[in-house]
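**Student:** Take a look at the following structure, please.
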Amino acid sequence: MQDNLGNYLSRARRSSDFLKHSIKTTLEDIYFDSKQLILSPGPTQLFQLTKDAIGSTGWMANSALKHFLTLSGLLKAPDGIKGDVEAEFIVKKVSKNIPLDPKRYPPAKIFSALYRELEFSYVHPNHKSRLQCPKIFPTIVLVSGVLNEIYKTASFERGVQNIGKKNNLKYIVATVSGVKGSDFNSGQLAEQLFEYHKHHPDEKFWFLTYSKGGIDVLYFLRDHAEWSCKNVVGISTLATPILGSRHLNKRYIRMASKLKRDLSEFGRNYLGQELDFFSEAFQRSISTKQRSWFFKNYHKLPTNIFYTALALSCNWHEGHIYMMLAKLMFPSDTINDGVVDADCAFFPKYFNAINLGIYHGHHLIAARSSSFSQEALIEAHLILLKYKYLI
């Protein structure tokens, strides 16, 4: 009883802190955007203020709802690993850096135990976990996906920042276009990374990518394999359509065709670039054409770095309102997160990679405003990769 009460109060504090943070950040964003609009009136500034006002107030409302559900006991908390003998055994061994039988305990099983333990710790701050977030030597490169320009921060940047407060993680955010194909973004990545590396020649890079950002990095690794062999330790993809996404094909193309002119004009006026979702390059990066691209190009990817992949899944009524609409607009018979089919988010069996499994979450969990435990997901990656001597 005392343990349950302690967990409840701990969850309530976490929920309250998240709500306070959302209110504080929202007010700061709206104040800054309002000031910019006054100093430099124009459609771009007005769009930015409107976008942030809608998005941030939605964040506050969602945080308030989650806080209410937490206080009322209606929001189900993660169970953790208590009582799961095998998971407790894995966490104990990993925490002491004791090797596990790789046949009995493959990376996906280890990762699952780590994530469940860390997720419980994140939701219940009073829980003292055996696991400690390790220090790593590579610099993390965050690469976001489609329409990343509309967000204030990069995908999973909030999680990386919070973990960095504990172990001094070093990371950079790569700027890629959220509306162009992966061929174009490969060039963008090359310009930024080569320039950065000139000033930091001793640093190695670990790509932590989300959604289409993972495809962009795969193109980069293919185009610059020799440089990557020397300077990249690995890539971890999260909800990336490595083999394309089946359920976006026909309906997406029909919709994009109808909206092409309006999207292009909107992009020029408010985002500073055309939103050409109907371009062949963009389609190839997210449709099933990506499957054939990977088969034709996988042998050109660096072989001395690691590759990991993780997929997401959610029901149509769960999570963000945008994901509910996506589920209704782009229905699929297979498990998906509202955008990407889970089976397409894994590397194929013929490629030497580590597929970490499917985890509960919709396709917008990487946003700053998401209440998803980004920290737990990233920290589980760090611990597993360090345990396997990959970083």
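**Student:** Looking only at segment 191-203, decide whether some residue is within 19 Å of VAL160 (Cβ to Cβ), surrounded by fewer than 20 Cβ atoms within 10 Å (Cβ to Cβ) and aromatic (Phe, Trp, Tyr).
**Tutor:** Yes, segment 191-203 contains at least one residue that is within 19 Å of VAL160 (Cβ to Cβ), surrounded by fewer than 20 Cβ atoms within 10 Å (Cβ to Cβ) and aromatic (Phe, Trp, Tyr).
**Student:** Related question: Are there any pairs with C-beta distances below 6 angstrom linking a residue in segment 91-109 that is in contact (Cβ under 8 Å) with a residue 40 or more places away in the chain and of a type outside the set (Asp, Glu) to a residue that is in a loop (DSSP other than H, G, I, E, B) and surrounded by 10 or more Cβ atoms within 10 Å (Cβ to Cβ), with the two at least 6 apart or on different chains, and if so which?
**Tutor:** From residues that are in contact (Cβ under 8 Å) with a residue 40 or more places away in the chain and of a type outside the set (Asp, Glu), the pairs are VAL91/ARG130.
**Student:** Quick one: what pairs do we get from segment 135-160, first residue on the phi > 0 side of the Ramachandran plot, second modelled with pLDDT of 90 or more, C-beta under 6 Å, 6+ apart or different chains?
**Tutor:** PHE156/GLN374
**Student:** Please work out which residue is surrounded by the fewest Cβ atoms within 10 Å (Cβ to Cβ), limiting yourself to segment 163-177 and to residues that are in contact with a helix residue (DSSP H, G or I) (Cβ under 8 Å, 6 or more places away or on another chain) and small (Gly, Ala, Ser).
**Tutor:** Filtering segment 163-177 for residues that are in contact with a helix residue (DSSP H, G or I) (Cβ under 8 Å, 6 or more places away or on another chain) and small (Gly, Ala, Ser), the one surrounded by the fewest Cβ atoms within 10 Å (Cβ to Cβ) comes out as SER177.
**Student:** Which members of segment 215-230 meet the condition of being small (Gly, Ala, Ser) and closer than 16 Å to TYR196 by Cα?
**Tutor:** Selection gives SER228 alone.
**Student:** Still on this structure: Residues that are out of contact with any helix residue (DSSP H, G or I) (no Cβ under 9 Å at 6 or more places or on another chain) and at pLDDT 90 or above: which helices (runs of 4 or more DSSP H) entirely in segment 264-358 hold 1 or more of them?
**Tutor:** Answer list for segment 264-358: 289-297.
**Student:** Within segment 1-22, track down each residue that is of a type in the set (A, V, I, L, M, F, W, C) and either buried (at least 16 other Cβ atoms within 10 Å of the Cβ) or more than 26 Å from PHE68 (Cβ to Cβ) (or both).
**Tutor:** PHE18, LEU19
**Student:** I'm told ILE242 meets every condition in (1) under 22 Å from SER370 (Cα atoms); (2) part of a loop (DSSP other than H, G, I, E, B) except one. Can you identify the failing condition by its number?
**Tutor:** Among (1) under 22 Å from SER370 (Cα atoms); (2) part of a loop (DSSP other than H, G, I, E, B), the lone unmet condition for ILE242 is (1).
**Student:** Next question, about the same structure. When segment 178-205 is examined, which residues are found to be touching a helix residue (DSSP H, G or I) at 6+ places or on another chain (Cβ under 8 Å) and not in a helix (DSSP H, G or I)?
**Tutor:** If the condition is that a residue be touching a helix residue (DSSP H, G or I) at 6+ places or on another chain (Cβ under 8 Å) and not in a helix (DSSP H, G or I), then GLY178, VAL179, LYS180, GLY181, GLU203, LYS204, PHE205 are the ones that fit.
**Student:** Scan segment 28-40 and tell me whether some residue there is under 25 Å from ARG368 (Cα atoms), at pLDDT 85 or above, part of a helix (DSSP H, G or I) and polar (S, T, N, Q).
**Tutor:** yes
**Student:** Just to be sure I understand, how many residues within segment 360-377 are in contact with a Leu (Cβ under 9 Å, 6 or more places away or on another chain) and either part of a helix (DSSP H, G or I) or at pLDDT 95 or above (or both)?
**Tutor:** Adding up the residues that qualify gives 3.
**Student:** In segment 57-97, which residues are assigned to a loop (DSSP other than H, G, I, E, B), surrounded by 14 or more Cβ atoms within 10 Å (Cβ to Cβ) and of a type outside the set (A, V, I, L, M)?
**Tutor:** PRO78, GLY80, ASP84 - these are the residues of segment 57-97 that are assigned to a loop (DSSP other than H, G, I, E, B), surrounded by 14 or more Cβ atoms within 10 Å (Cβ to Cβ) and of a type outside the set (A, V, I, L, M).
**Student:** Of the residues TYR115, TYR105, TYR122, TYR31, only one is loosely packed, with under 14 Cβ neighbours inside 10 Å and either among the aromatic types (Phe, Trp, Tyr) or touching a Pro at 6+ places or on another chain (Cβ under 7 Å) (or both); which?
**Tutor:** TYR31
The values are calculated or read from the model by the stated rules, or taken from the named source; none is laboratory data. Remember, it's a predicted structure, so these values are computed and weren't measured experimentally. Note: ideal-geometry Cβ built from the backbone for every residue, glycine included; neighbour counts use all protein chains shown.
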